[in-house]
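Starting off with a structure, shown below.
The values are calculated or read from the model by the stated rules, or taken from the named source; none is laboratory data. What you are looking at is a predicted structure, and each value in this text was computed from that prediction instead of being measured. Cβ: placed from backbone, ideal geometry, glycine included. Neighbour counts: every protein chain shown.
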Amino acid sequence: MFHRYLGPQDTFYVGTFKGVGCVYLQTYSDTYAKVVYCKLHTTKTPITVADLLNDRVLLFCASHELSVLPILIDRGTEYCGKLEQHFYHAVSERK
């Protein structure tokens with residue numbers, strides 16, 4: 001009933017690697033199942049946020065016929081942008 005009721009998502013700076021540059025860890029926590037989905041990216045943009053949700057979270061949930069309800073985010077720059085280019089539009093377009 002409460003599966004995936006709230007999923008915190010955040011981006012963490014990992015470090016700078018020679019030949020790669022800045023590396024960020026995009027995370028999504030399933031607070032009910034106590035599982036964390038994560039992915040490394042070299043940019044901190046709305047498209048990387050949508051990539052994690054589409055590639056890991058929504059794909060897993062769809063294969064198990066589960067729904068994702070609210071996603072808790074901070075107000076980081078990777079979640080901001082023009083309304084018509086918001087990262088949630090990129091997520092909903094792939095459903």
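So if I check each of Thr48, Thr11, Thr16, which one is surrounded by 14 or more Cβ atoms within 10 Å (Cβ to Cβ), modelled with pLDDT of 85 or more, touching a strand residue (DSSP E or B) at 6+ places or on another chain (Cβ under 9 Å) and of a type in the set (Val, Ile, Thr)? Walk me through how you get there before you give the answer.
On the way: Thr48 fails: modelled with pLDDT of 85 or more; Thr16 fails: surrounded by 14 or more Cβ atoms within 10 Å (Cβ to Cβ).
Sole residue among the options that is surrounded by 14 or more Cβ atoms within 10 Å (Cβ to Cβ), modelled with pLDDT of 85 or more, touching a strand residue (DSSP E or B) at 6+ places or on another chain (Cβ under 9 Å) and of a type in the set (Val, Ile, Thr): Thr11.
Considering only the stretch 61-75, state which residues are within 16 Å of Gly7 (Cα to Cα) and either among the hydroxyl-bearing types (Ser, Thr, Tyr) or modelled with pLDDT under 65 (or both).
Going through the stretch 61-75, the residues within 16 Å of Gly7 (Cα to Cα) turn out to be 61-62, 66-75.
Those that are within 16 Å of Gly7 (Cα to Cα) and either among the hydroxyl-bearing types (Ser, Thr, Tyr) or modelled with pLDDT under 65 (or both): Ser67, Arg75.
Determine, yes or no, whether Leu58 is modelled with pLDDT of 80 or more and not in a strand (DSSP E or B). It would help to see each step written out before you state the result.
Values: modelled with pLDDT of 80 or more: yes; not in a strand (DSSP E or B): yes.
Spelling it out, Leu58 is indeed modelled with pLDDT of 80 or more and not in a strand (DSSP E or B).
A further question on this structure: Mind checking which residues of the stretch 25-34 are surrounded by 13 or more Cβ atoms within 10 Å (Cβ to Cβ) and either in contact with a His (Cβ under 8 Å, 6 or more places away or on another chain) or part of a strand (DSSP E or B) (or both)?
Going through the stretch 25-34, the residues surrounded by 13 or more Cβ atoms within 10 Å (Cβ to Cβ) turn out to be 25-32.
Those that are surrounded by 13 or more Cβ atoms within 10 Å (Cβ to Cβ) and either in contact with a His (Cβ under 8 Å, 6 or more places away or on another chain) or part of a strand (DSSP E or B) (or both): Leu25, Gln26, Thr27, Tyr28, Ser29, Asp30, Tyr32.
Would you point out which residue out of Thr16, Thr48, Thr43 is in a loop (DSSP other than H, G, I, E, B) and of a type in the set (Ser, Thr, Tyr)?
Step by step, each of Thr16, Thr48, Thr43 is checked, and only Thr43 is in a loop (DSSP other than H, G, I, E, B) and of a type in the set (Ser, Thr, Tyr).
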